[in-house]
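Below is one structure, written out as structure tokens; comments come after it.
Each reported figure results from applying straightforward, stated rules to the coordinates on display, with no laboratory input. Just so you know, these numbers come straight off a predicted model, no measurement behind them. Ideal geometry is used to build each Cβ from the backbone, glycine not excepted, and the neighbour counts take in all protein chains shown.
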Amino acid sequence: MTVRLRPHHLLCILTYVGKGYSPAFTDNMTAIAGRLSAGEPVEIVEGPDDICAPRQSETNPHCHDCSIQVRDRKAAKDVGRILNISIENGTRLSLPPSSLMQLRRAFAQGRIRSACGDCQWGEMCTEISANAYHGALI
């Protein structure tokens, strides 16, 4: 199988420690973290992805907002620059430990955080990266 991710979720997975919007969201995200940790490949998608699935039943889920699409474009550019690949709809990639290490280093240094500016999880992610990603599930 393949994990379908929108570009900014490539950043979110770096600092995921089991916290989220709701119990259904965290259960789903934890399952996805397990799949990614087991080496399952990723396919980049536009719009709602496997991580967004539990929130689709909400009234006006933010995953359809223009601001989230902007976040995706910024993340695609940043992550693509670090991994030296083009991140766009349909891109398939794997995330071996070496790639995750590259991304985490760049994230901690603030080099791939242009998509994080208005994110409600930003402060928590900063703390996790400053603590050497202790407790991250991927």
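Note that the chain carries a Kirkwood radius of 14.9 Å, evaluated over its alpha carbons pair by pair.
Each label was represented as a point 7 Å from its Cα along the Cα-to-Cβ direction; for ALA130 and MET101 these points are 2.5 nm apart.
When only the Cβ of Lys, Arg, Asp and Glu is charged (+1, +1, -1, -1), the dipole of the chain relative to its Cα centre reaches about 440 debye. Can you tell which of PHE107, LEU36, THR15 lies farthest toward the positive end of the dipole of the chain, using +1 and -1 charges on the Cβ of basic and acidic side chains (Lys, Arg; Asp, Glu)? So the residue furthest toward the plus end is PHE107. Rg ratio for the range 82-138: its Cα radius of gyration over 2.2 N^0.38 Å, N being its residue count, equals 1.20. From helices alone, the chain scores -13000 deg cm²/dmol at 222 nm; the rule is -39500 (n - 2.57) for each run of n ≥ 4 DSSP H residues, then divide by the residue total. Counting charges near GLY117 (Lys, Arg +1; Asp, Glu -1) among other residues having Cβ under 10 Å from its Cβ returns a value of +2.
Take the Cβ atoms of ASN89 and ALA24, set R0 to 30 Å, and the FRET efficiency comes out at 0.70.
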